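The structure appears right after this line, and notes come after that.
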C-alpha cells in the first residue's frame, strides 16, 4: 500500500528539477492587481530525463510538436522551453527552424540535452526570436518558482493550474510527481488547447511511463469538452529523472491518474465563461463505443450547454442528442437521472411540478451528474462538460483583437 | 426551355390546395404589433396527392413521423395537420395513438384520406388533445391564407418563410410549386429542427418526386448548420395533386432546387441570434467525402462561429478546424480565400496590415464566401453556416422557461 499527500508549490517539490519564467513583452496586459505575468518559462532537470508524450490529433500539429517528433525514439531531455501568446502553428518548416535557432542561442547560457519547446497562443505567426531570446539573460536556471511558471503559460485561463503529490510507500520511501497545466477553451475530447507538463523523481521504467501516461490522459484530458474543437498545439509531457530511486507501479498509476484528472477538472471549471461542470454518464449502451459516442456528443451539444446555463431541466435536449448520435437506443427503455433524481423513463415521461422543482435545485449546483441508462447492454462511458454562457461568446469573439 | 416566375402568397397559388390556421391557446405570446399568430394549421387538397418525404435521422423520431411511417408505401393523402409549441416527441406509443384520436375527431368536419400530422415544439409532453380539437371548429377548410399558415408553424423563427414559383414551359403551359417552412435553431447538416411543406399541381410521376426531393434536400437543408444538433421532428413533405396536367422534369428539378435552397438560406439567416451567413467551400480535397467532413466541421465550429461574430480575420481557427477534421491535408499546400481575398497560402502565411484591413471589410458583410483549397485532389463540398452571437445563448438558455 501507499499514501498520497498533496503538497503546495507544485513543481518545486520534485528533486533535481528547476523552473522559472520571465516576461519578454509578449504579454502586455497586467492582472487586476497590477502585476504582470511572465510569457516565457522553462522546466529543467540536472539529470537527463526519460520522456513520455501525448500530442494533438490535429493534422496541422504546430512546429514544436514536429520539432519534438524529429528526435529519435527513446531520447532523453533535460529542458523544456515554453512560451505563451504565439502558437508557432501553420508556420511551416521555418517554424521548426526557429526553434533550433532559439536553442542555439540558449545553449550558451545553460547545458542543453535534446531540449523540447512548447508553445500556445495565436496561430499563424512566426515566433519573435529576438524578444524570446532576451528571456535567456533573465532566467535564473536554478530557480524553483512553480506558481509563477504556472502563471506564465496561461492564455485565457483565469487561474493557474499546478499540483504536486508526495507518494510514500509502506517502507517509508517516497517519490514526488507534480504538474502545471494551462487550458480554458477549445477543450475537446481527443485533447484540448492545453499544455500539461508533469515531472517526477520516481524511478519509473520508460515503458511504464508511456503505458501509464496513455491511461491517465484517456481518463482525464480526453474526457473533457468545452466547445468541441481540437487545437494544433495540445501537449502532455511526462519527464522522469529517477532521482529518488523509489518506485511502485500501482502507487505511481494512482498518483498520475489523480493529477491528470484533477487538472482536467480545473481546466473544465476554467472553461471560457463556464459556470458549472457536468458529468455525462452513458450506461446500458449496446457497447462501450456507442456509450462514448453519445456521452461526447452530450458534452459538446450547444443546446445541452445552453440549457445547463439556463438551469432549465429540459431533458428533451438530452434525449434528442442521444437520438442524434446515431447509436442504438429505444425511447421506451431510456432512463435519465440528474444526480439521484429520476427525470425520464419510459413509464414516467412527463416531468411533474414536484420533480421539476427538485431538478431546478440540482441544476443550480456548481456541478452535478447526468446519467443516461439506455437499458440495452453493458457499454458505458463518462465524459465531462460545462455550460455555455454569454461570456464564452464574448471571450472568443474578442480574442486576438 | 422554361421560365420560372416568383409569385406572392405562397401556397395560395397552387391549384386544388387550401390552407388555414387558428390559435387554440398553445401560443400565448403576442407579436410586437399586438397580433397573435396561430398555433395549429392545415394544408389540404381536393384530390388525393402522391407524397415524397424526408425525415430526421434522429433515432428518437417523434410520434408524427412514426405515424406517417405506418402508412403503406406509395400511399396517397389529402391532408396535413400541423401544430407548433409541442413536438409530440418521446411520447411513446401513446403519442402515436393521440394522432389517431385527433384525426377521428377531425373526420366529422372534413373528408380525410390518410391524413398526416407534423409537430414542432418542446419535447416530452403529450399533445393537449382537447385544445387541439377546438381548431377543427374554427378552421375554414376552403381558406387560402398562406401567410398566416406560414406564421402559425413558427417557433423561434423571427420571420415567416414561404415561397411560390410559377413554371411556364415553352408551349405556354404552366404549373406551380410552393412551400412554407419553419426553422431557426438546432439546424444541422442531416436536417434541422425544421418543417417544410411543399405542394405542387405539376403532373409529376411518383418516382420523380422521390428522386428530385432527395437531390433538393441534399443540396439545401442538409448543407446548413446553425449549431450542430439534429432534432427529433425534422420533416420535408412534397405533395403533388397533378391538377395542372403539366410537367417537365428539368423545369421541376430546377424550381424545386431553387425553393429548397432559398428556404434553407432563409432558415440560416434566421439562425437564432445570427448576424451573417457564410458559405464554407472546401475544394482540392483528396475526395468528396473529405471535403464534406471539413466543410461541415467548419460550419459547426464554435470557434469559427464566434470569430465570424467578432469579425476577426483569424484564419488560424479555419485552418485548425480543417486539421481537426482528421482528413488528409498539408499546411504547405493549403490556400484560404475570403471572397476573392487571399488570406493564407504556404507562401504567404502571415496576414499583413493591408490584407487584414481588406479582410475586416469582407467580414462586415451580411454574407461572404470562405474557400479552402487543400491542393490535393478533386474533392469538393460547400456547406453554409452562420455566426454565433450572445443572442443565441440568450434564446436557448431562456427557451421553454
Self-check item: Residue satisfying all of: in region A:108-125; buried (at least 20 other Cβ atoms within 10 Å of the Cβ) and under 20 Å from residue A:150 (Cα atoms); nearest to the other protein chains (Cβ to nearest Cβ) among these
Solution: A:121
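How about region B:248-309: which helices (runs of 4 or more DSSP H) wholly inside it have at least 3 residues that are more than 14 Å from every other protein chain (Cβ to nearest Cβ) and in contact (Cβ under 8 Å) with a residue 60 or more places away in the chain?
Those helices (runs of 4 or more DSSP H) span B:249-269, B:288-300.
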Quiz item: Hey, does region A:320-333 have a residue that's within 14 Å of chain B (Cβ to nearest Cβ), over 32 Å from the mean Cα position of the chain (by Cα) and surrounded by 14 or more Cβ atoms within 10 Å (Cβ to Cβ)?
Solution: yes
Quiz item: Quick one: which of A:184, A:179 is within 14 Å of chain B (Cβ to nearest Cβ) and either in contact (Cβ under 8 Å) with a residue 60 or more places away in the chain or buried (at least 23 other Cβ atoms within 10 Å of the Cβ) (or both)?
Solution: A:184
Quiz prompt | Candidate set: region B:31-59, residues that are surrounded by 23 or more Cβ atoms within 10 Å (Cβ to Cβ) and modelled with pLDDT under 95; chosen: the one farthest from the other protein chains (Cβ to nearest Cβ) | solution = B:56
Self-check item: Matching entry among B:85, B:105, B:94 (being within 14 Å of another protein chain (Cβ to nearest Cβ), farther than 23 Å from residue B:36 by Cα and either surrounded by fewer than 24 Cβ atoms within 10 Å (Cβ to Cβ) or in contact (Cβ under 8 Å) with a residue 60 or more places away in the chain (or both))
Solution: B:94
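Looking at residue A:16, is it more than 21 Å from the chain's Cα centre (by Cα), farther than 19 Å from residue A:83 by Cβ, at pLDDT below 95 and surrounded by fewer than 22 Cβ atoms within 10 Å (Cβ to Cβ)?
Against the criterion (more than 21 Å from the chain's Cα centre (by Cα), farther than 19 Å from residue A:83 by Cβ, at pLDDT below 95 and surrounded by fewer than 22 Cβ atoms within 10 Å (Cβ to Cβ)), residue A:16 does not qualify.
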Practice problem: Could you tell me which of the residues B:168, B:101 is part of a strand (DSSP E or B) and over 24 Å from the mean Cα position of the chain (by Cα)? | Solution: B:168
Exercise. Within region A:37-50, identify whether any single residue is farther than 17 Å from residue A:180 by Cβ and without any contact (Cβ under 8 Å) to a residue 12 or more places away in the chain, and answer yes or no.
Key: no
Practice problem: Scan region B:334-361 for residues that are in a loop (DSSP other than H, G, I, E, B) and either surrounded by 15 or more Cβ atoms within 10 Å (Cβ to Cβ) or facing chain A (nearest Cβ under 7 Å) (or both) and report the count. | Solution: 6
Exercise. Answer yes or no: is there a residue in region B:126-138 that is loosely packed, with under 14 Cβ neighbours inside 10 Å, assigned by TED's automatic domain parsing to the domain that holds residue B:161 and touching a helix residue (DSSP H, G or I) at 6+ places or on another chain (Cβ under 9 Å).
Key: yes
Exercise. Determine if region B:139-148 includes at least one residue that is under 25 Å from residue B:232 (Cβ atoms) and buried (at least 23 other Cβ atoms within 10 Å of the Cβ).
Key: no
Exercise. Mind listing whichever residues of region A:73-83 are closer than 20 Å to residue A:150 by Cα and either over 22 Å from the mean Cα position of the chain (by Cα) or modelled with pLDDT under 95 (or both)?
Key: A:78
Quiz item: Does residue A:339 fit the bill of being more than 31 Å from the chain's Cα centre (by Cα) and not assigned by TED's automatic domain parsing to the domain that holds residue A:224?
Solution: no
Quiz item: Among the numbered criteria (1) at pLDDT 90 or above; (2) surrounded by fewer than 24 Cβ atoms within 10 Å (Cβ to Cβ), which single criterion is violated by residue A:202?
Solution: (2)
Quiz prompt | Of residues in region A:310-319 being under 19 Å from residue A:382 (Cβ atoms) and at the interface with chain B (Cβ under 7 Å from one of its Cβ atoms), the one modelled with the highest pLDDT | solution = A:319
Self-check item: Test: residue A:268 is surrounded by 17 or more Cβ atoms within 10 Å (Cβ to Cβ) and more than 23 Å from the chain's Cα centre (by Cα)
Solution: no
Quiz item: Of the residues that sit in region A:112-125 and are touching a helix residue (DSSP H, G or I) at 6+ places or on another chain (Cβ under 6 Å) and touching a residue at least 40 places away in the same chain (Cβ under 8 Å), which one is farthest from residue A:48 (Cα to Cα)?
Solution: A:123
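The values are calculated or read from the model by the stated rules, or taken from the named source; none is laboratory data. Being a predicted model, the structure only gives us computed values, none of them experimental. Here the Cβ is made from the backbone with ideal geometry for all residues, glycine too, and neighbour counts use every protein chain on show.
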